[in-house]
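Note sheet for the following structure.
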Amino acid sequence: MNFKPGDLVHLQLSKSEKKQESGLKLEERNGGKIYVRKVTGLVKRRGLPVEPGDELVSLHGTDVEDMTMPEMKRIIKDELRFNFSIRKYDPDEEESEEEEEEEEEEYEEQYRASKQVEQYPDEIQPGYHYILEGIKLKEYNGERVEVIQPGKKPGKWEVEVVSSGAILAVREEKLVQIPQDSEEEEEEEEILNDLPEEEEEEEEEPEEEVEEHMLSVEGYIIEPGDTMKLRGLKKKAKLNGTLVSVIKLSAMRKEWKVELANGTKMSVPGSNLRHVQ
């Protein structure tokens, strides 16, 4: 009997003993569909109308969509008798599926390209700041970094984590631009920090009992005149790692007043200070 492309054919194969090879070789492709890869053994010797490229639709009364490849192979190998249905190879259908796959791939490429335009700059340069996203060292995801120089491998950049000073080599697609609003706020803060401060009459703070934990950090007793390093700042993350000189403790605010090298003064909790050895 001659079958046309696309015809559904129901067949049965019987073996006299378990060790006989059925000769029905399968493969998975085209989005999970199961096809005949090769025909040998009993299937070939008995002249069953099965050819490479035919689609396997059901096996042993079950749709192959509801089965795993190991299950199908076990039935074909171990069962002495089993039924199966195939859909004859249709070149037009295969060509149509290939076109669909190509269209999907083209759409995905366009989508990825559009996302890259949205998130990443046309050109990364040393000194630029970004946010890390999607790197394997998960503890650094979400951290702000400054680009140092191109990495040793193409497509990678050496960056410095602002909060800790750690140096990493990351792929450029892991560098996400900082939102424009955030950049403008930080730029405004930088401009204000660079302006010379007017001398203000320091208000006398009422005497208040100083708690012991306010005077030390990591076991080191902080004293006026000490040189410390800023750490853990969120709003002014760019200052993390900067050396400051301790002026005095504000017991009321539970913060230390410190001075930067450019003369800018600020108040920070002791937890944002680290002793410089």
Fill in: Mean separation of Cα contacts under 8 Å, 6 or more apart, over the residue count of region 8-88: relative contact order %
40
Worksheet entry | Label-point separation, GLU106 to GLU28 (7 Å along Cα→Cβ), nm | 2.9
Worksheet, complete the sentence: So, with points 7 Å from each Cα along the Cβ direction, the ILE167-LEU243 label distance in nm works out to 1.9
Item to complete: Please list the non-local residues whose amide H lies under 5 Å from the amide H of LYS248, H modeled 1.01 Å from N, same-chain partners needing a gap of 5 or more.
Response: LYS257
Worksheet entry | Euclidean distance of C-alpha centroids, region 121-152 and region 1-62, integer Å | 54
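If the chain between GLU158 and LEU260 were fully stretched, how many nm would it gain, using 0.36 nm times the residue separation less the Cα-Cα distance? Could you put the intermediate results ahead of the total?
Details: separation 102, 0.36 × 102 = 36.72 nm, distance 2.75 nm.
My answer for the length gained is 34.0 nm.
Counting other Cβ atoms within 10 Å of each Cβ, which trypsin sites (Lys or Arg not before Pro) in region 24-57 have at most 15 and sit in a DSSP loop? Working shown, then result.
Working: sites: LYS25, ARG29, LYS33, ARG37, LYS38, LYS44, ARG45, ARG46; in loops: ARG46.
Answer by residue number: ARG46.
Apply 1/(1 + (r/R0)^6) to the Cβ-Cβ distance of SER271 and GLU139, taking R0 = 22 Å, and write down the FRET efficiency to the nearest 0.05. Provide the component values of the computation, followed by the final result.
Values: r = 19 Å, r/R0 = 0.86.
Step by step, r from the Cβ atoms, then E = 0.70.
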Practice prompt. Would you mind computing, in nm to one decimal, how far apart the modelled labels at TYR220 and ILE148 are, each placed 7 Å from Cα along Cα→Cβ?
Written response: 2.3
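On a 28 Å Cα-Cα criterion, which of the cross-link pairs LYS33/LYS153; LYS156/LYS265; LYS136/LYS254; LYS138/LYS234; LYS152/LYS238; LYS136/LYS234 come out too long? Let's see the in-between values first.
Working: LYS33/LYS153 39 Å; LYS156/LYS265 38 Å; LYS136/LYS254 38 Å; LYS138/LYS234 19 Å; LYS152/LYS238 26 Å; LYS136/LYS234 23 Å.
As for pairs spanning more than 28 Å Cα to Cα, those are LYS33/LYS153; LYS156/LYS265; LYS136/LYS254.
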Fill in: Backbone HN-Hα couplings from phi across region 159-171 [Karplus 6.51/-1.76/1.60, Hz, Gly and Pro as x]
10, 10, 6, 4, 6, 10, x, 5, 9, 10, 10, 10, 6
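Pop out the Kirkwood hydrodynamic radius of region 129-178 from its pairwise C-alpha distances, inverse of mean 1/r, in Å to one decimal. Don't skip to the answer; put the middle values down first.
Numbers: mean 1/r = 0.0955 Å⁻¹.
Every distinct Cα pair counted, the radius reaches 10.5 Å.
On full extension of the chain, what length is gained from LEU80 through PHE3, given 0.36 nm per residue of separation minus the C-alpha to C-alpha distance?
Details: separation 77, 0.36 × 77 = 27.72 nm, distance 2.66 nm.
Here the segment from LEU80 to PHE3 would lengthen by 25.1 nm.
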Worksheet entry | Residues with amide H under 5 Å from that of ILE178, placed H, sequence gap 5 or more | ILE131
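For region 129-178, what's the relative contact order in percent, using C-alpha pairs closer than 8 Å and at least 6 residues apart?
On the way: 96 pairs, mean separation 18.5, N = 50.
The value is 37 percent.
FYI, it's all coordinate maths here, none of it is from the lab. All figures in this text were calculated on a predicted structure; none of them were measured in a lab. No Cβ is skipped: glycine too gets one built from the backbone with ideal geometry, and neighbour counts run over all protein chains shown.
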